[in-house]
Structures are given as structure tokens and as C-alpha cells.
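A short worksheet on the structure shown next.
Only the coordinates and a few stated rules stand behind these numbers; no lab work does. As the structure is a computational prediction, the values presented were derived from the model and not from experiment. For neighbour counting, all protein chains shown are included, and Cβ atoms are generated from backbone atoms with ideal geometry for every residue, glycine included.
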Amino acid sequence: MGTDSLMNALAELRARFANALAEFTPDPAQFAAMVKPTQDANFGDFQANCAMPLAKQRGENPRVLAAEIVGKLDIADLCQPPEVAGPGFINIRLRDDWLTEQINRNVVDSRLGIEQVAKPKRIVIDYSAPNVAKPMHVGHLRSTVLGNALYRVAKFLGHHVLGDNHIGDWGTQFGMILFGYKNFLDRAAFEQNAVGELARQYRLVSQLTGFHEAKAEHPKAENRLAQLQSELNAAEPNKPTNDKSAEKTLKKLRTDVSDVREQLTSLKKQIEAVESSPPLKALADAHPQIAELARFETAKLHGGDEENTRLWNQFVPQCLAAIQGIYDRLDIRFDMTCGESFYNPMLADVVAEFQAKGLASESDGAICVFIPGNAAPFIIRKRDGAFTYASSDLATIRYRVNDLQADTMLYVVDTRQSEHFRLLFETAKLWGYGDRELVHVNFGTILGKDNKPYKTRSGDTIGLESLLDAAVARARQIVNENDDSKPEGRELSDAARTSVAETVGIGAIKYADLRHNRESDYVYDEDKMLATNGDTATYMQYAYARVAGIFRRGGINREPLRSGGGRVVFTHPSERALSLQLLRFNEALDGVLAENRPNILTDYLFATANSFSTFYQECSVLKEPDEAIRTSRLLLCDLTARVIAAGLDLLGMKTCEQM
RNA sequence: GCGCCCGUAGCUCAGUUGGAUAGAGCAACGGAUUUCUAAUCCGUAGGUCGGGGGUUCGAAUCCCUCCGGGCGUGCCA
């Protein structure tokens with residue numbers, strides 16, 4: 001395969017442009033990078049935007065320069081003669097013979113034309129990271145789905161990737177279960193379902209703790225409200241006419257008042273939830289110091305207390321096994337699960353090293369790293385001597401660099417922790433890890449239809465499991481309806497329907513998450529993600545199933561088809577469009593990794609499935625009388641199916657042969 | 001108070017280091033089916049890209065400012 005690079009049209013064009021541009025600039029690569037796919041097919045397949053900025057730099061006429069560049073270009077083997085348009089765009093249309101050459105190469109390529117990277121990096125992807133003490137909830141969805149997609153793509157492109165689940169197994173939450181276990185355990189329930197009972201303990205202790213805090217906070221909030229209210233009442237009547245700053249203060253007061261009101265109602269709700277239930281109220285009254293006692297259990301665990309250590313060793317594997325159930329369903333496996341407890345033994349040494357090197361200093365009793373230009377300190381040990389997640393994260397970096405030889409570390413974590421990671425990375429740089437790539441792959445919040453963080457109507461967080469169940473149940477309904485309404489009656493067995501529903505339901509959730517720009521918040525809308533039309537996982541899965549249907553109906557074996565020596569030929573515009581689209585798979589994958597944005601791949605797959613649907617509409621395959629054309633179309637179908645299945649697989653989604 | 005982010009079509013969202021007439025999906029309207037699966041395709045309509053100013057041959061994108069919203073903010077992770 002001496003012409004590997006030809007498989008990537010964009011890269012090849014850029015290389016050719018770089019050659020031509022060498023005569024005009026010392027930095028041809030920068031300008032060659034301005035070759036891009038066109039947005040509008042009327043302008044051809046690719047466009048080069050380099051003439052304008054280059055002309056500006058050289059003080060020349062951009063159109064004239066564009067023509068000169070075209071004159072130096074050696075691309076006649078791949079493109080039709082380029083055209084200069086507008087202020088100096090160079091429009092390029094690939095030659096059909098070159099295109100068919102490439103597509104025929106990909107048709108028989110097991111990697112679908114995707115090369116592995118020349119210089120693989122060792123990448124650690126830190127994602128999902130649930131707290132094992134409590135059930136996974138909607139807040140874990142994005143990290144889990146996004147991280148896994150990046151993991152799969154990086155791996156497919158040939159990087160050495162380690163997926164690491166940095167679980168919370170050592171924090172205050174564990175003290176809460178320990179306290180609950182010792183004081184409130186329902187033994188029978190525990191025998192029957194240990195993890196469920198532990199989760200109940202967590203919720204119970206957390207509720208009681210919250211109750212006492214709310215009790216203490218409530219009068220303070222009322223005072224604050226009263227004070228703000230009176231300030232507002234005083235300010236409101238002498239409303240200034242044209243005083244901007246006074247107006248602003250007034251507005252600020254109003255929002256403060258409504259904020260405190262909101263806080264008050266939520267406190268009341270918390271209090272009422274306990275007080276309206278006599279058994280809960282009795283528990284609360286019996287344990288006024290519950291928060292402190294739970295913290296004490298955590299401290300005992302950290303101190304090596306025998307009983308707590310024994311319970312911890314018993315609980316953690318059980319909790320992990322329960323979480324694994326969700327991962328199995330989501331088709332996710334980690335290479336390693338090194339949580340907080342794994343790094344615990346290293347923390348004292350890390351802090352000592354920072355102190356010894358003079359990188360950290362004491363402030364108000366806490367050990368802090370102060371980064372110039374940052375107001376907030378990076379606290380690596382608290383006043384009470386306990387370590388923080390800052391110290392744990394530093395130990396993690398050291399481990400990943402020294403023991404795992406990581407070049408790149410990705411942290412797929414909520415954007416609200418941006419500041420923490422900024423400080424963490426700065427601190428790591430001071431510590432001597434400035435040569436490693438540390439990236440916070442941040443993402444936004446999943447919102448409910450009220451545009452607030454997604455919660456149940458009563459304000460509880462939504463369990464991940466129930467989210468999956470709901471989507472699958474809805475998918476099952478749709479599968480039933482669709483299959484029942486087939487012209488010749490139902491085609492799927494009950495078992496098949498169940499399996500399709502799982503594939504479609506889980507796919508819907510994942511796709512809905514991945515198709516958004518990760519940095520945006522998005523509204524969780526089950527109706528939309530499971531709609532039978534539109535930009536959904538189902539659309540891609542359906543396109544795949546249609547291809548599978550062709551091969552099934554035609555009784556065609558795909559392996560022999562590929563090796564049968566048939567060739568793709570263009571007889572219809574939709575065949576060309578589909579082929580070009582299929583050849584762009586590598587652009588999409590490169591794009592995903594360049595910015596850690598899987599939505600680039602969802603966009604690509606949607607466009608691909610769309611291209612296919614058009615082709616499917618315009619070109620009959622099995623009914624095509626000309627055998628060469630029929631074979632050509634079968635080859636296109638086969639490659640389409642493989643690209644869609646591979647793309648979905650890289651996003652963590654499955655396909656079905658029939659749906 | 002300080003810091004970060006966002007504001008694009010009626011709704012949900014894309015928009016690649018500044019590029020051509022700002023794009024999808026849904027909803028609306030009009031077409032296509034003796035179905036290789038209509039969970040589809042083709043078309044129409046819909047936007048002062050929050051307002052204003054600036055830089056540029058060229059701005060949704062960069063800078064300033066104002067308005068509106070979200071998030072974070074020294075010992076939770």
C-alpha cells in the first residue's frame with residue numbers, strides 16, 4: 001500500500017497546497033491548513049481560503065495571487081481544474097476517477113480507510129467517576145458517555161489509551177453509610193439486597209443531616225430575608241430617576257430577595273419532609289449530632305480503624321459490582337479503577353514534597369499552593385490535617401506520569417470544576433509536569449424542561465438506571481407499533497423486539513448526549529431523543545437495518561461480495577455524493593480527537609445516513625438489471641453499513657440487523 | 001465584590017484557527033409510496049446571530065461597552 005496517504009483527500013490536498021505555497025510564504029503549512037470542505041456543494045468539494053490572508057500579508061491582489069497559486073498547484077491527478085471565485089477562494093472538485101479509485105480502496109479495507117496515527121500517544125482518560133456510596137444518577141451520564149466515546153475513538157486511531165474510573169470510595173459519603181449501617185440497618189433488607197440497603201442508608205443519613213442543617217439555617221435565612229426586604233422597602237419609594245448605579249443596586253436587591261425566598265422554601269421542604277413523618281422525626285431527634293458522627297466514622301476509616309476497614313473492604317466490591325451492572329448495559333469497560341482510596345497512601349508524601357520544595361505554604365492552618373495571579377489558593381491539606389481532592393489529584397498525576405507513562409491526561413468532568421482544574425494544572429506545572437498534556441474536557445449540565453438542572457418533580461436527583469429503563473420502555477413501545485404496522489405483518493419475535501428496544505433506547509440517550517457540543521447545557525427530552533424522525537440514534541440504526549435488509553432479501557453474502565473483484569462506478573449523483581461522504585470518515589474522527597468533541601462524529605454520521613437515504617431512494621439495488629451497477633451499489637451499501645456501524649460503535653452504540 | 005461561560009429561526013441545537021447567500025432537526029405548509037423497511041425522501045416558508053461601537057477586503061466568530069441569563073468563588077468532591 002504505497003499510496004496510503006491518498007486515502008485522505010483533505011490531507012492530500014493540504015500537502016499539495018503546501019508544496020505550491022512554498023514559493024509564496026515561509027510557512028506554507030499554516031496556509032495549507034486553510035483548505036477545507038466546502039459548506040455549499042455549489043462551490044465544489046473543497047475550498048482553499050489561503051489566498052486572501054496571504055495576499056494581504058504580501059500586499060497583493062488576492063484574486064491574482066489565487067490564480068498564481070493555482071498555476072503552481074500539481075493536483076491534476078485528483079481534481080478538475082480549480083476555479084478562483086469571489087474575493088479569492090479557490091474551489092476544488094475532485095475527479096470522479098480519483099474518487100472511485102479511493103472508494104474502491106476503502107471498500108476492501110478492513111479499517112474503512114482510516115489509518116492509525118504515526119506517533120501514538122499514551123493517553124489516560126479519567127471519566128465517569130461515580131461515588132460508590134450512592135447510586136449513579138443523571139449527573140454521571142455525560143462524563144460516562146462522553147469519556148467512553150473519546151476512549152473508543154482514540155483507541156481506534158491507534159493511541160495507547162487507558163480508561164480510568166476515578167471512583168469516590170474514600171470520602172465523607174462513606175462515613176455516612178458506615179453510620180447508617182451501624183445505627184439504622186434493616187438487616188433483612190441488607191441480606192436480600194446489600195447495595196440497595198446501603199443506598200437507603202446513605203439517603204437516610206443524608207436526609208437527617210440535611211434536616212438538622214436546614215433547622216439551623218432556617219432562622220438565619222428568615223433574618224436575611226427580613227433585612228433585605230426592609231432594605232428594599234426603604235429603597236423602592238425613592239426610586240431614582242436617572243441614576244444607573246442606584247437602579248442596579250435596587251435590581252440586585254430584588255434578585256437577592258427572591259434568591260433567599262427560594263432558599264427558604266427549599267429549607268422548609270427539607271424540614272417538612274422529616275417532620276411530617278413521625279418515624280423520621282423520631283430518628284432525627286434521637287441523632288442531633290449525626291453529621292459530626294458520620295464525619296467521625298470517615299475519620300476512623302482514614303485512621304485505620306479495624307471495624308470500619310473491614311466494612312469498607314466488604315462494601316466497596318459490592319457497590320462496584322452493582323455499578324458494573326449499569327456499565328454492562330452501557331457497554332463500557334475500564335482498563336483500571338483507581339479511586340480515591342488508591343491514592344490515599346501517597347498523599348502525605350505529596351504534601352511533604354510540596355512543602356520541602358517550598359511550593360506550598362501554610363495559611364490559616366491549611367497547607368496551600370499559591371499560584372501567582374490567582375486569588376484562590378490551592379489547598380492540599382486542610383487545617384484539621386485531612387487531605388483534599390487537590391492533594392489526591394496531584395498524587396494521581398504523579399502516578400499517571402511515573403507509573404503509567406502518560407503523555408496526555410484527559411479529565412472528563414463537569415465544567416463547574418474548571419477553576420479547580422486550572423489550579424491543578426498550574427500546580428502540576430510548578431511541580432515539574434509541564435511537559436505533559438493535561439486537559440479538562442469540560443461539559444455542561446443536563447437540564448429539565450424547566451431549564452433547570454434535571455430533577456424529579458419532587459426535586460430529587462434522577463437515578464441513571466431508571467433513566468435507562470424509561471428510555472428502553474419507550475423504545476419498546478415504538479418497536480411494537482412499528483413492527484405491528486409492517487405491510488406483511490410483524491417480523492420480529494418478542495425476544496428480538498426486546499433486544500432492539502434495548503439497542504434503540506440506550507442509543508437514544510447516548511446519542512442525544514453526544515450530539516450536543518459538550519460545553520453547552522442541554523435539555524433532556526425523551527420525546528425528542530426517541531422521536532421516530534429527525535436527528536436521532538434511531539435514524540442511523542435504521543439506515544443500517546435497511547442495508548442489512550437488502551443483503552438479507554437478496555441472499556447476498558457480504559464477505560465474498562467484497563473480495564469478488566467488483567468495482568464501484570458512478571451512474572447517479574447520489575452515488576457520488578455518498579462515496580464522497582464515506583471518504584470523509586477520517587476527517588470526522590480527526591476532528592473528534594482534535595478538540596475532544598464527539599458531536600463532530602454524530603454530525604458526520606447523520607450526514608452519512610442522510611446521504612445513504614437519498615441514495616436508497618434514488619437508486620434501486622437488488623432490482624437493478626445491470627449486474628456491474630448492481631454490484632457497485634451493493635459495495636456502496638456494504639461500505640455504508642460498515643462506516644455507520646463503526647461510527648456508532650465508536651460512540652458506544654449498537655446496531656440491529658432488523659428493526 | 002471578583003472570575004468563567006452563555007444569548008443564533010416559533011422550539012431544541014450546530015456553526016471547524018475570521019470566509020462566499022448563517023445551517024440542521026422539530027413544529028408549519030406542499031409533494032413522493034404497486035416499499036430492496038415511509039422509523040424514509042424531495043421541496044417551500046421562517047433569522048436586525050441580545051443591543052451599540054470598533055478592528056478587517058470580510059465578523060455569529062476577535063476587542064470595548066451595555067442588557068439579559070447561568071455557574072464558580074479559602075479548607076465538600
Formal net charge of residues neighbouring residue A:166 (Cβ-Cβ distance under 12 Å; K, R +1; D, E -1): -4
Mean separation of Cα contacts under 8 Å, 6 or more apart, over the residue count of the range A:257-402: relative contact order %: 12 percent
Per-residue [θ]222 nm for chain A (sum of -39500 (n - 2.57) over DSSP H runs n ≥ 4, rounded to 500): -19000 deg cm²/dmol
Length gained when the stretch residue A:233-residue A:182 is fully extended (0.36 nm per residue, less Cα-Cα span): 13.2 nm
Label-point separation in nm, residue A:622 to residue A:74, each point 7 Å along Cα→Cβ: 5.0 nm
Positive dipole terminus of the range A:542-659, leading residue within A:635, A:566, A:625 (C-beta point charges): A:625
Separation between Cα centres of the range A:202-237 and the range A:142-201, rounded to whole Å: 33 Å
Angle between chain A longest axis and helix A:306-330 axis [Cα atoms, degrees, rounded to 10]: 30 degrees
Acute angle (nearest 10 degrees) that the helix A:96-107 long axis makes with the longest principal axis of chain A, alpha-carbon atoms: 50 degrees
The range A:366-515, dipole about Cα centre (Lys/Arg Cβ +1, Asp/Glu Cβ -1), debye to the nearest 20: 640 debye
Value of relative contact order over chain A, rounded to a whole percent, pairs C-alpha under 8 Å and six or more apart: 15 percent
Paramagnetic reach from residue A:417 in the range A:336-361 [backbone N under 16 Å; point 7 Å along Cα→Cβ]: A:337-344
Packing-based exposure ordering (other Cβ within 10 Å, fewest first) of A:121, A:452: A:452, A:121
Residue exposure sequence - A:602, A:25 - by fewest surrounding Cβ within 10 Å: A:25, A:602
Label zone at residue A:439 (point 7 Å along Cα-to-Cβ), backbone N below 17 Å, the range A:133-173: A:143-164
Folded to 0 to 90 degrees: helix A:194-235 orientation relative to chain A principal axis, Cα: 80 degrees
Long-range HN-HN contacts of residue A:121 with modeled amide H, under 5 Å: A:160
For chain A, with +1 on Lys and Arg beta carbons and -1 on Asp and Glu, the positive-most of A:342, A:176, A:537 along the dipole: A:537
Inter-site label distance for residue A:384 and residue A:567 at 7 Å from Cα along Cβ, in nm: 7.6 nm
Theoretical FRET efficiency, 1/(1+(r/R0)^6), r = Cβ-Cβ of residue A:455 and residue A:305, R0 30 Å, to 0.05: 0.25
Alpha-carbon gyration tensor eigenvalues x 5, square-rooted, for the range A:92-242, Å: 53, 34, 13
Additional length obtainable on full extension of the chain from residue A:558 to residue A:121, 0.36 nm per residue less Cα span: 153.8 nm
Vicinal HN-Hα couplings computed from phi for the range A:135-150 (Karplus, 6.51 cos²θ - 1.76 cosθ + 1.60; Hz; Gly/Pro x): x, 5, 10, 4, x, 8, 4, 5, 4, 5, 6, 5, x, 5, 5, 5
Residue exposure sequence - A:574, A:230 - by fewest surrounding Cβ within 10 Å: A:230, A:574
Calculated FRET value between residue A:259 and residue A:60, using beta carbons and R₀ = 60 Å, to 0.05: 0.55
Karplus 3J(HN,Hα) series, Hz, for the range A:391-406 with 6.51 cos²θ - 1.76 cosθ + 1.60 (x for Gly, Pro): 5, 5, 5, 5, 4, 5, 4, 4, 5, 5, 7, 6, 9, 9, 6, 6
Greater than 26 Å apart at Cα, pairs in A:155/A:654; A:220/A:251; A:215/A:455; A:251/A:528; A:528/A:623: A:251/A:528; A:528/A:623
Simple spin-label estimate for residue A:110 and residue A:603 in nanometres, 7 Å along Cα-Cβ: 3.3 nm
Total formal charge among the other residues, if their Cβ is under 12 angstrom from that of residue A:74, Lys/Arg +1 and Asp/Glu -1: 0
Under Karplus coefficients 6.51, -1.76 and 1.60, residue-wise ³J(HN,Hα) of the range A:185-191 in Hz, glycine/proline x: 4, 9, 4, 4, 5, 5, 4
Residues residue A:370 and residue A:101, FRET efficiency given R0 of 56 Å [Cβ-Cβ distance, rounded to 0.05]: 0.40
Nearest-20 debye value, the range A:166-235 charge dipole, Cβ charges on Lys, Arg, Asp, Glu: 100 debye
Value of relative contact order over the range A:558-617, rounded to a whole percent, pairs C-alpha under 8 Å and six or more apart: 36 percent
Debye intensity ratio in log₁₀ form over the Cα atoms of chain A, taken at each q of 0.05, 0.10 Å⁻¹: -0.33, -1.12
Lys, Arg +1 and Asp, Glu -1 on Cβ, resulting dipole of chain A about Cα centre, debye, nearest 20: 460 debye
Whether the range A:4-94 is rounded, prolate or oblate, judged on the alpha carbon gyration tensor where a/c under 1.5 counts as rounded: oblate
Positive-end residue of A:148, A:644, A:90, charge dipole of chain A with Cβ unit charges: A:90
Centroid-to-centroid separation of the range A:250-311 and the range A:458-505 [C-alpha atoms, Å]: 39 Å
